[in-house]
1. Would you kindly derive the ³J(HN,Hα) couplings of region 245-254 from the backbone phi angles with the Karplus curve 6.51 cos²θ - 1.76 cosθ + 1.60 (θ = phi - 60°), listing them in order in whole Hz, with x for Gly and Pro?
2. Measure off 7 Å from each Cα along the Cα-to-Cβ vector at HIS25 and ALA53, then give the distance between these two points in nanometres to one decimal.
3. Please report the net charge: other residues with Cβ closer than 15 Å to the Cβ of LEU211, K and R +1, D and E -1.
4. Divide the volume of the convex hull of the Cα atoms of the chain by its number of residues and quote the answer in cubic angstrom per residue.
5. So what's the net charge close to ARG329: Lys and Arg +1, Asp and Glu -1, counting the other residues with Cβ under 9 Å from its Cβ?
6. Provide the gained length on full extension for the span HIS305 to ARG154, in nm with one decimal, where the gain is 0.36 nm per separating residue minus the Cα-Cα distance.
7. Counting other Cβ atoms within 10 Å of each Cβ, which GluC sites (Glu not before Pro) in region 78-187 have at most 15 and sit in a DSSP loop?
8. Per residue of region 205-220, in order, report the coupling 6.51 cos²θ - 1.76 cosθ + 1.60 (Karplus, θ = phi - 60°) as ³J(HN,Hα) in whole Hz, putting x for Gly and Pro.
Amino acid sequence: MTGDWPVTNRRHRPADLVPALVGPHFLVERADELAGYHALRRRVFVDEQGLFAGSDRDERDDDPRTVVLIARSARGELLGGVRLGPASDGPDIGWWQGGRLVVDPDARGTHGIGAALVRAACAYAESAGALRFDATVQRRTETMFRRLGWQPVRHVRLAGQPHTLMRWPIRRLAALAASTKTPLGEILDGLAPGGDGFVGDDGAPVPGSDLIAACDAILPSMVERDPEWAGWCAVLVNVNDLAAMGAAPVGLLNAVGARDTAHAARILGGLRRAAEAYGIPVLGGHTQLGVPAALSATALGRTAHPVPGGGGRPGQRLRLTADLGGRWRPGYRGRQWDSTSERTAGELRRMQSFVARVRPAAAKDVSMAGIAGTLGMLAEASGCGALLDVARVPRPPAAGVGDWVTCFPGFAMLTAGPWAGAEAGTDAGPAVTADCGELVAGGGVRLRWPDGEITDALDAAVTRLGRASSEGLAS
């Protein structure tokens with residue numbers, strides 16, 4: 001896009017980099033009216049700098065998804081602006097691009113307006129769910145962008161002028177993994193949960209038997225504010241853990257803490273409804289009244305051939321099988337997708353038996369770490385890295401890419417390698433399956449975009465539990 005982020009601010013001081021959008025001199029906000037911004041662009045880019053002949057307007061200005069942020073003085077005068085939005089013409093896949101940064105010539109070099117507009121654009125793109133945010137800047141402004149934290153990608157030429165492709169480092173995926181999974185290695189040091197070959201897996205094979213045990217706790221705040229949903233999820237997350245290992249559920253135990261009998265009844269009501277839908281008997285448990293809200297459950301399943309989470313190897317294809325029905329759970333928008341509570345028992349059980357029927361080399365159910373974080377755990381346990389093709393990840397139309405790859409999706413399974421049991425049928429009920437990447441040598445997770453660019457998402461140590469098997473992968 002010729003002329004993106006042209007030169008507008010010739011002086012940059014440390015004060016320009018103070019991360020404040022509101023100051024004594026100006027305010028950055030989303031523009032409701034664009035005529036003034038377009039006129040300022042023409043004045044600077046056409047008349048002053050001669051970067052364009054006649055007009056700098058292009059197709060991005062006509063895209064209804066394009067957002068314009070402007071800086072106004074305390075008196076309401078337009079001081080500058082910037083535009084940003086999805087970089088591709090198709091569906092928004094989380095790849096955004098900024099451009100047409102402009103500052104009024106009379107306001108340059110005084111209050112850090114250009115830097116503030118760039119910071120505001122970064123914040124807006126991240127809040128909109130972008131996982132990649134690029135800008136092509138004139139070489140003379142590269143220093144300012146570096147100071148603001150942008151990273152240079154490569155030098156390019158646009159409109160006959162030297163430019164640099166810059167990228168804003170979005171750490172959303174890494175931050176989620178760090179908050180939910182990275183501490184596990186230190187906390188669980190010496191325990192080897194799951195046993196050799198299944199360390200860090202969704203469930204643990206019970207030695208000397210064909211049983212798989214899984215255990216999950218529900219966030220206390222969720223138990224308090226939405227007890228029926230918490231009860232449902234206590235079953236859901238456990239049967240998902242069993243399903244990821246190819247195990248059929250045989251029984252569930254639960255432990256409930258509640259402030260009174262009414263609250264306990266609501267928790268157990270949700271749990272009972274889910275257990276009936278999934279066909280897993282509630283074998284027993286423990287209930288404590290007069291205490292803060294708490295809920296955990298342990299499930300047992302049975303399989304003669306458990307599917308490991310660390311059974312992948314470089315070169316194997318990655319597939320995501322996910323139920324795209326449903327909606328955001330009220331009160332948890334962008335964090336919890338409810339695809340299961342309105343499904344029939346037959347639909348739920350068809351999805352739950354999917355991994356057992358196809359028998360992939362490796363499988364993990366997508367949990368609190370989201371799609372990217374869960375893929376990082378699968379790759380880490382397999383002793384390799386992963387490439388995730390962002391545009392090929394199946395997702396509901398109502399969910400943005402950034403939210404979808406970081407949320408709890410209800411039912412979603414990542415599988416790697418050939419499906420040994422494909423002849424038994426690959427139908428996953430209402431869930432859909434798509435190839436969306438591959439395992440590679442090395443470590444960590446990287447995102448692959450339609451233009452061929454690859455961006456870093458996670459480093460190699462998502463859980464720091466290491467490789468699942470001390471003996472390595474079978475040849």
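1. Couplings: 9, x, 9, 8, x, 10, x, 9, 10, 9 Hz.
2. In this crude spin-label approximation the distance works out to 3.8 nm.
3. Details: positive: ARG302; negative: ASP201, ASP202, ASP210, ASP241.
Residues close to LEU211 contribute a combined charge of -3.
4. Working: hull volume 81.6 nm³, N = 475.
With only Cα atoms used, the chain gives 172 Å³ per residue.
5. Numbers: positive: ARG327, ARG333, ARG335; negative: ASP226, ASP338.
Result for the local shell: +1.
6. On the way: separation 151, 0.36 × 151 = 54.36 nm, distance 4.88 nm.
Answer, rounded to one decimal: 49.5 nm.
7. Details: sites: GLU126, GLU142, GLU186; in loops: none.
Answer in residue order: no site qualifies.
8. Running phi through 6.51 cos²θ - 1.76 cosθ + 1.60 with θ = phi - 60° gives x, 7, x, x, 8, 9, 8, 10, 10, 9, 8, 9, 10, 9, 4, x Hz.
Each value in this text was obtained by applying a stated rule to the coordinates, not by laboratory testing. Please read all numbers here as calculations on a predicted model, not as lab measurements. Please note: Cβ atoms are built from the backbone with ideal geometry, for glycine as well, and neighbour counts cover all protein chains shown.
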